Amino acid sequence: MDFTIQNQKDTRSGFGEGLLEAGRRNPKVVAFCADLTGSLKMGDFAKEFPSRFFQTGIAEANMVNMAAGMALSGFVPFTGTFAAFATGRVYDQIRQSVAYSNKNVKIAASHAGVTLGEDGATHQILEDIGLMKMLPNMTVIVPCDFNQTKNATIAVAEYDGPVYLRFGRPKVPNFTQVDEKFIIGKAQMLQEGTDVTIFACGHLVWKAVQALPILKEMGINAELINIHTIKPLDVEAVLKSVGKTRCVVTAEEHQRNGGLGDSIAQVLALNMPCPMEMVAVNDVFGQSGTPDELLKAYHLDTPDIVEAVKKVVARKQ
Amino acid sequence: MTINELERIASQVRRDIIRMVHGCQSGHPGGSLGATDIVTALYFDQMQIDPAHFRMDGNGEDMFFLSNGHISPMFYSILARRGYFPVKELATFRRLGTRLQGHPTTAEGLPGVRIASGSLGQGLSVAVGAAQAKKLNGDQHIVYVLMGDGEQEEGQIWEAAMYAPAKGVDNLIAIIDYNKKQIDGPTDDVLSLGDLRAKYEAFGWYVLEVSGNDMHALVNILKLAHENTHQGRPQLILAHTEMGMGVDFMMGTHKWHGTAPNDEQAANALSQLEETLGDY
Ligand SMILES: Cc1ncc(C[n+]2csc(CCOP(=O)(O)OP(=O)(O)O)c2C)c(N)n1
Ligand SMILES: [Mg+2]
């Protein structure tokens, strides 16, 4: 895998471009936004397809159910707001009218995790992956960079069924391939290795990429897999890798409870118990700060991944 | 307090807002500047409070809730200037480890804050609950809540708006920062609120209107509203404000809802606001 940084871009802009492209490919794609058009980068779609864009005002519950109503007649609605308000605020609306009713609604959620920064804990949701993955019928996608978010958005529009698509605010290294086809549910092998498997998602994928040369220097040959689809989880890829490496580190910008690590742990406990460490937020709320400060403060940075790998490799021996 | 004294406090609060938002290069100056006069009049003239002995339960004093938590710089400045915590702490706004989080929280124990806000639409319900508790406690004091106008688009607001008159919650004074703007643009373009006064009246509220940047008018309307309490109905004050009030280039637009000024813009803004109580 080529880890060359093409540029620094925010994943939400990847969503904005992906939505525009999806709208061009399929006239049934429509979009709703609850007074955050600029933040979600939905402005270009709104401009090109004004009759297919619905400004709902600050009314997330109404937005979700209107999208479900619209999906009935074959439209492909995306709803856009911050991840905190896209999930927790409207959980029952999603549960009953989208997941249980199995409607083709795409919940686009920006500003997830601590990297939202200075707005603080009210806005930094760290529980959304758990909330969404617990719902039957729901697909949960957490792409890692701009290109992947754009490609995921296009794939999500083509897929039939409820989807939660999580992305973020800050500019981060953009390194995946420009037009790589995004395959929902298929784990992405970033580097093969033998000593440990690192499973990462979202912004933490790049943090894990940066850990690879450090680990190599220590004599640890790590395998890195990007789990961009938390649900359905690519169980085959997980077991294949761990069958070889026999120990695991997971890394995510989310609570340990309910996150990627928790999904992986479930698969391993049932099929292949082995030492495991989790890089995640552990049962606390976020706070104000810059994204970089917060990643350090909540132990979600490259050194934390390196430490977790050292620890888990030692536990294996 | 005299009107002149209140206006001088408001000028300093506006300086604090600009300096806080500029200092951390984030936050919400527009709504903060527009709502400054309302909350200054409340905290420095109208409300019966004991800042030196902040009590979470608010028993035996008036209570204020900020539902539109994004205008936290205004709230923090007024709390500090009123004596809830040291003024110099304003310099920590939005920085790692601060008690002055981006949106008000109770997690860090900042005196003056009784509940987290930031996710819009929840404050009116909280205020109704607190007002009912005062009734149960036999406490004659009043509960105040400030909300945004864009915030009125949240359905939960109307759940509380229906409840309060139906249940005779008459020790409650809600105020709307009626600046007719929100993030994506003028409220009329985003989602028109229609005749807000008529809507609240139809729900059973007693509605007052005021020019929300006129200190004299504010002081009078708050007195009037206070006299009207305990007469069977909740009250709403529609406070017509100007987003960005006091800084010419921040007025007449929604662009400064959540944008921090750069060095040059901050200097320009501060040149328009008299330093009356000493900068933090
Ligand atoms: C539930 C919820 N949805 C969306 C947001 C994002 N948001 C923050 S402020 C704001 C606009 C609020 O408009 P208004 O109440 O008029 O406040 P003003 O812009 O006048 O300060 C929005 C949409 C939020 N904080 N909470
Ligand atoms: Mg407004």
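Assorted remarks:
- Residues located in region B:173-192, provided they are more than 10 Å from ligand 2 (Cβ to nearest atom), surrounded by fewer than 23 Cβ atoms within 10 Å (Cβ to Cβ) and not polar (S, T, N, Q): B:Gly185, B:Asp188, B:Asp189, B:Leu191
- Residue identified as within 16 Å of ligand 1 (Cβ to nearest atom) and in contact with a Phe, Trp or Tyr (Cβ under 8 Å, 6 or more places away or on another chain) among B:Phe75, B:Phe65: B:Phe65
- Search result, residues across region B:99-118 that are facing another protein chain (nearest Cβ under 9 Å) and surrounded by 20 or more Cβ atoms within 10 Å (Cβ to Cβ): B:Leu100, B:Gln101, B:Gly102, B:His103, B:Pro104, B:Thr105, B:Ser117, B:Gly118
- For B:Gln48, the test of being away from chain A (no Cβ under 14 Å), out of contact with any Gly (no Cβ under 6 Å at 6 or more places or on another chain) and either modelled with pLDDT of 95 or more or away from ligand 2 (no atom under 16 Å from the Cβ) (or both) is passed.
- Once region A:84-124 is narrowed to residues that are in a loop (DSSP other than H, G, I, E, B), more than 10 Å from every other protein chain (Cβ to nearest Cβ) and not hydroxyl-bearing (Ser, Thr, Tyr), the residue that is nearest to A:Gln255 (Cα to Cα) is A:Gly113.
- Some residue of region A:277-284 being surrounded by 17 or more Cβ atoms within 10 Å (Cβ to Cβ) and touching a residue at least 60 places away in the same chain (Cβ under 8 Å): yes
- Residues satisfying the stated conditions in region B:120-171, i.e. crowded, with 21+ Cβ neighbours inside 10 Å, within 14 Å of chain A (Cβ to nearest Cβ), of a type in the set (Gly, Ala, Ser) and under 22 Å from A:Gln93 (Cα atoms): B:Gly121, B:Gly123, B:Gly150
- Complete set of residues in region B:119-170 that are touching a Gly at 6+ places or on another chain (Cβ under 8 Å), within 16 Å of ligand 1 (Cβ to nearest atom) and either more than 27 Å from B:Met74 (Cα to Cα) or of a type in the set (A, V, I, L, M) (or both): B:Leu120, B:Val145, B:Leu146, B:Met147, B:Ile157
- Taken as a whole, the structure places A:Ala314 among residues that are in a helix (DSSP H, G or I) and either in contact (Cβ under 8 Å) with a residue 24 or more places away in the chain or more than 14 Å from chain B (Cβ to nearest Cβ) (or both).
- In region B:16-52, the residues that are more than 21 Å from B:Glu242 (Cβ to Cβ), part of a helix (DSSP H, G or I) and hydrophobic (A, V, I, L, M, F, W, C): B:Cys24, B:Ala52
- Which numbered condition B:Ala198 fails, given (1) more than 16 Å from ligand 2 (Cβ to nearest atom); (2) in contact (Cβ under 8 Å) with a residue 24 or more places away in the chain: (2)
- Some residue of region A:60-73 being more than 24 Å from B:Glu151 (Cα to Cα), crowded, with 19+ Cβ neighbours inside 10 Å and touching a Phe, Trp or Tyr at 6+ places or on another chain (Cβ under 9 Å): yes
- Just so you know, in region A:202-259 the residues that are in a helix (DSSP H, G or I), in contact (Cβ under 8 Å) with a residue 60 or more places away in the chain and touching a Ser or Thr at 6+ places or on another chain (Cβ under 6 Å) include one that is surrounded by the fewest Cβ atoms within 10 Å (Cβ to Cβ), and it is A:Gln210.
- Any hit, region A:56-71, residues being at the interface with chain B (Cβ under 10 Å from one of its Cβ atoms) and closer than 25 Å to A:Gly258 by Cβ: yes
The values are calculated or read from the model by the stated rules, or taken from the named source; none is laboratory data. Note that the structure is predicted; figures quoted are calculated from it, not measured. FYI the Cβ positions are ideal-geometry reconstructions off the backbone, even for glycines, and counts take in every protein chain you see.
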